[in-house]
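Asker: One structure coming up, written as structure tokens, with questions to follow.
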Amino acid sequence: MNDAYDVVVVGGGIAGISAAYALGQDGARVAVVEREATLTAHSTGRSAAQFLASYGEPANRRLSAASRAFLDSDADGLADRAVLIPRNVLWVAPDGFDGHLQERIEANQVTVTECELLDVERTVAICAALDPEWLAGGVIEYGGFDIDVAGLHQAYVRGARAEGVTILRERGVRELRQQGSDWRVETSEGRLSCSVVVNAAGAWADELAAVAGAQAVGMRPLRRTIFTFSTSFDAEDWPLVIAADESFYFKPEGPGQLLGSPADEHLDGPCDARPREVDVARGIEAVNQATRLDIRSIRSKWAGLRTFAPDRVPVVGFDPVVPGFFWCAGQGGTGIQTAPAISTLAAALISGENPPEDVAALASLLSPQRFAGVAAVQLEGP
């Protein structure tokens with residue numbers, strides 16, 4: 001195996017593999033280094049992803065819009081099945097939270113997403129499990145989609161391999177050392193050399209930065225809990241139902257089954273996240289309070305880390321101090337739906353090309369330069 005590359009991408013999740021594919025398309029010799037046996041062992045493989053144009057910070061929304069064409073094309077034809085599966089989004093609120101529904105209307109107006117304010121009767125007509133005694137109204141957001149995360153990730157793997165990208169699993173990075181204009185990447189299975197190291201390490205992005213001698217930006221890995229449960233309702237055509245204050249959500253997950261979450265965000269460290277019984281219980285309580293689902297037991301449960309920069313905007317660009325160290329991290333809750341745009345921008349910046357017009361203006365907003373000289377926030381206990 002040739003251990004000399006133009007770019008070594010650390011992390012095989014959606015951020016890393018999409019960047020590797022885009023770089024391979026530009027003609028770069030690329031290796032992806034993943035310390036786990038499975039590329040999607042952490043956040044990517046645990047995502048209940050939904051394409052929601054109005055979600056996240058303004059920069060995230062623009063990245064989502066720029067990613068839509070690639071997702072619509074089933075990953076440029078690389079996927080063997082549809083990447084986007086239509087599912088509208090229904091925001092619901094009890095008395096006293098009507099203002100949150102108006103915020104959803106305003107967010108959708110910014111992204112020019114079709115939506116509609118609904119009274120109690122029309123909201124319950126869309127999702128029969130909602131309790132009209134709890135409900136004050138809803139907002140239906142049209143044009144949403146479930147994302148086939150596994151299908152999208154596998155499409156990127158397929159495309160990356162076709163572009164000559166080398167994918168190395170079970171290769172933990174032990175040391176990053178600069179020698180002249182090159183990097184020496186010491187892994188658990190040998191040494192690689194390259195000109196650029198891409199930090200796509202997710203929750204471990206700050207730790208990898210420290211290994212490279214770069215300043216941490218203060219990444220915040222936030223644990224989210226998900227569980228599945230049975231239902232007697234005919235729910236397959238229901239939308240994704242989200243509390244307008246984001247205190248819970250649920251959606252269909254196959255025949256006779258729903259997926260639910262308390263939409264929690266608990267500060268954690270980089271880890272193999274595990275669900276906590278108290279968070280599952282809170283999720284069940286929140287859903288039961290708003291519906292007639294009467295959840296009494298669950299089928300499965302898991303947790304994942306959604307990692308954000310302090311301003312909740314992705315970090316994409318060369319480190320302002322350490323040459324050849326490139327950040328592609330902090331995608332948080334929009335990492336799947338923004339991967340096409342972020343990877344395209346990353347590849348252009350690394351290759352020294354002009355990014356596409358729809359993402360070029362975002363380069364300065366996403367750059368790690370915005371954190372230069374700012375002390376990283378220290379993680380506290382979970």
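Rundown of residues vs (1) more than 25 Å from GLY137 (Cα to Cα); (2) not assigned by TED's automatic domain parsing to the domain that holds VAL322, yes/no style:
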site: GLY190; (1), (2): yes, no
site: SER232; (1), (2): no, yes
site: ASP264; (1), (2): no, yes
site: LEU267; (1), (2): yes, yes
site: ARG282; (1), (2): no, yes
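Asker: On to the next question. How do the strands (runs of 3 or more DSSP E) wholly within region 119-180 filter down when requiring 2 or more residues that are more than 29 Å from SER64 (Cβ to Cβ) and at pLDDT 95 or above: which remain?
Answerer: Those strands (runs of 3 or more DSSP E) span 166-168, 173-179.
Asker: Out of the residues in region 181-194 that are modelled with pLDDT of 95 or more and acidic (Asp, Glu), state the one that is nearest to the chain's Cα centre (by Cα).
Answerer: So, considering only residues that are modelled with pLDDT of 95 or more and acidic (Asp, Glu), the one nearest to the chain's Cα centre (by Cα) is GLU186.
Asker: Follow-up question, since we're still on this one. Hey, can you tell me all the residues within region 87-118 that are over 14 Å from GLY144 (Cα atoms), free of Cβ contacts under 8 Å to residues at least 60 places away in the same chain and either surrounded by fewer than 20 Cβ atoms within 10 Å (Cβ to Cβ) or touching a His at 6+ places or on another chain (Cβ under 7 Å) (or both)?
Answerer: Residues satisfying the conditions are ASP95, GLY96, ASP98, GLY99, GLN102, ILE105, GLU106, GLN109, VAL110, LEU117.
Asker: Only residues that are of a type in the set (A, V, I, L, M, F, W, C) and touching a helix residue (DSSP H, G or I) at 6+ places or on another chain (Cβ under 7 Å): list them for region 185-223, please.
Answerer: Within region 185-223, VAL196, VAL197, VAL198, ALA200, ALA201, ALA216, VAL217, MET219 qualify.
Asker: Which residues, counting only those in region 235-279, are farther than 20 Å from VAL92 by Cβ, free of Cβ contacts under 8 Å to residues at least 60 places away in the same chain and part of a strand (DSSP E or B)?
Answerer: The answer is GLN257, and nothing else.
Asker: Could you check how many residues of region 259-282 are in contact with a Phe, Trp or Tyr (Cβ under 6 Å, 6 or more places away or on another chain) and either exposed (fewer than 15 other Cβ atoms within 10 Å of the Cβ) or under 19 Å from ALA244 (Cβ atoms) (or both)?
Answerer: Qualifying residue count for the region: 4.
Asker: Still on this structure, please answer the following. I'd like to verify a number: residues in region 318-364 that are farther than 26 Å from ASP148 by Cβ and within 18 Å of the chain's Cα centre (by Cα), how many?
Answerer: Summing the residues that are farther than 26 Å from ASP148 by Cβ and within 18 Å of the chain's Cα centre (by Cα) in region 318-364 gives 1.
Asker: Quick one: what pairs do we get from region 338-362, first residue at negative phi and polar (S, T, N, Q), second buried (at least 22 other Cβ atoms within 10 Å of the Cβ) and part of a loop (DSSP other than H, G, I, E, B), C-beta under 8 Å, 6+ apart or different chains?
Answerer: Matching pairs, first to second residue: THR338/PRO314.
Asker: Could you figure out which of (1) buried (at least 19 other Cβ atoms within 10 Å of the Cβ); (2) in a loop (DSSP other than H, G, I, E, B) isn't true of SER232?
Answerer: Unmet for SER232, out of (1) buried (at least 19 other Cβ atoms within 10 Å of the Cβ); (2) in a loop (DSSP other than H, G, I, E, B): (1).
Asker: Further question: GLU246 is checked against (1) under 26 Å from GLN331 (Cβ atoms); (2) modelled with pLDDT of 95 or more and fails just one. What number does that condition carry?
Answerer: The single condition GLU246 does not satisfy is (2).
Asker: Could you please find all residues in region 119-142 being of a type outside the set (S, T, N, Q), touching a residue at least 24 places away in the same chain (Cβ under 8 Å) and crowded, with 17+ Cβ neighbours inside 10 Å?
Answerer: ILE126, CYS127, ALA129, LEU130, LEU135, ALA136, GLY137, GLY138, VAL139, ILE140, GLU141
Asker: Output the residue which, of all residues in region 10-64 that are β-branched (Val, Ile, Thr) and touching a strand residue (DSSP E or B) at 6+ places or on another chain (Cβ under 7 Å), is farthest from ALA162 (Cα to Cα).
Answerer: My answer is VAL10.
Conditions tested, residue by residue: (1) modelled with pLDDT of 95 or more; (2) more than 24 Å from ILE17 (Cβ to Cβ).
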site	(1), (2)
GLU265	yes, yes
LEU293	yes, yes
SER297	yes, yes
ASP311	yes, yes
PRO314	yes, no
PHE318	yes, no
GLY332	no, no
ALA339	yes, no
PRO355	no, no
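Asker: What residue, of GLY180, GLY190, is surrounded by fewer than 15 Cβ atoms within 10 Å (Cβ to Cβ) and touching a residue at least 12 places away in the same chain (Cβ under 8 Å)?
Answerer: Answer to the selection: GLY190.
Asker: May I ask you to verify whether TRP302 is touching a helix residue (DSSP H, G or I) at 6+ places or on another chain (Cβ under 7 Å) and closer than 30 Å to PRO255 by Cα?
Answerer: When the stated conditions are applied, TRP302 passes them.
The values are calculated or read from the model by the stated rules, or taken from the named source; none is laboratory data. Computed from a predicted model, the values in this text were never measured in an experiment. Cβ coordinates were reconstructed from backbone atoms using ideal geometry, including for glycine residues, and neighbour counts include every protein chain displayed.
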